[in-house]
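Here is the structure we will look at.
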Amino acid sequence: MIETEHTILPKQVIREKNIIGFDMSASNFLIAKEVELSSPRWYRTEEGKLKKLHRALSRKKKGSSNRNKVRVKLARLYEKIGNRKLDWVHKLTFCMSQHFEGIILENLNIKGIQQFNSGVSKSVTLDFSWNQFIHILKYKMEDRGGHLVLVDRYFPSSKLCSKCGFKSKDVKLTDRVWTCPKCSAHHDRDINASINIKKEGLNCLKNNHIKIINDDDAAGTAVDAFGEDIRLMLYQQSSVNYESPPFRAG
Ligand SMILES: [Zn+2]
């Protein structure tokens, strides 16, 4: 029998050190306790060119051959940017699926994405393609028997203290750091959320009868190797602009 990629069964036993939970943030794409990834601003990088072409298009007479030329130019530029973005998503998701047996993320809804994008320019909205990212990551994980867990969108990841579990109603969207009123732990908003997301995802896996082995020795090696690969694969030869350092190892 020829085994195709689609016959690979999901792993029933995975190691906790090979599981990572990420929080999504507006300033950085994905944040975990150990690692932070930002996505390049593909559209923003080309925003000047795009604006110029859009302006030129609006000035040309409808139906004229000049207008058509500009229209084609504009379509090609959008295609070029879209291809660059897709290439990046493929590389990133490939790398993630190679290093982790379990990846835990929030299941963002449209409203969440709008909130995520609120107050930022349209180019950022274009730069962010959550559905595409999830779709590609899901099949790459499945191809290796890994698990992609999407935590319920109503899970209060930002409001829970990852240390004592207290739910604080006072944490606002603008609070980047906060202190737990119960145990006094200081939290970075996104890192705290990512720890809660990971915890919740581990519960989901356990509820689905996946056994999780917790062997503390050599903890972090999966993340370290992932970090190295990401640096080599995505950032060294990058021709696009990052707004913040593209990679931080915690
Ligand atoms: Zn606490």
What lysines does Lys69 reach when the alpha-carbon gap must be under 26 Å and sequence neighbours fewer than 8 apart in one chain are set aside?
Lys49, Lys51, Lys52, Lys60, Lys61, Lys80, Lys85, Lys122
How many angstrom lie between the C-alpha centres of the stretch 63-104 and the stretch 183-201?
33
Quick calc: nm separation of the 7 Å Cα→Cβ label points for Asn131 and Asn207 -> 2.6
If I stretch the segment between Ser58 and Tyr154 completely, what's the gain in nm (0.36 nm per residue apart, minus their alpha carbon distance), one decimal?
30.2 nm
Estimated FRET transfer efficiency (Thr174, Asp229; beta-carbon r; R0 45 Å; 0.05):
0.85
For the stretch 202-209, take each phi angle, set θ = phi - 60°, evaluate the Karplus expression 6.51 cos²θ - 1.76 cosθ + 1.60, and give the result in whole Hz per residue in order, putting x for glycine and proline.
4, 4, 4, 4, 4, 4, 9, 6
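Every number in this text was worked out from the coordinates using simple rules, so none of it is lab data. Remember, it's a predicted structure, so these values are computed and weren't measured experimentally. All Cβ positions, even for glycine, are placed from backbone atoms using ideal geometry, and neighbour counts span all protein chains on display.
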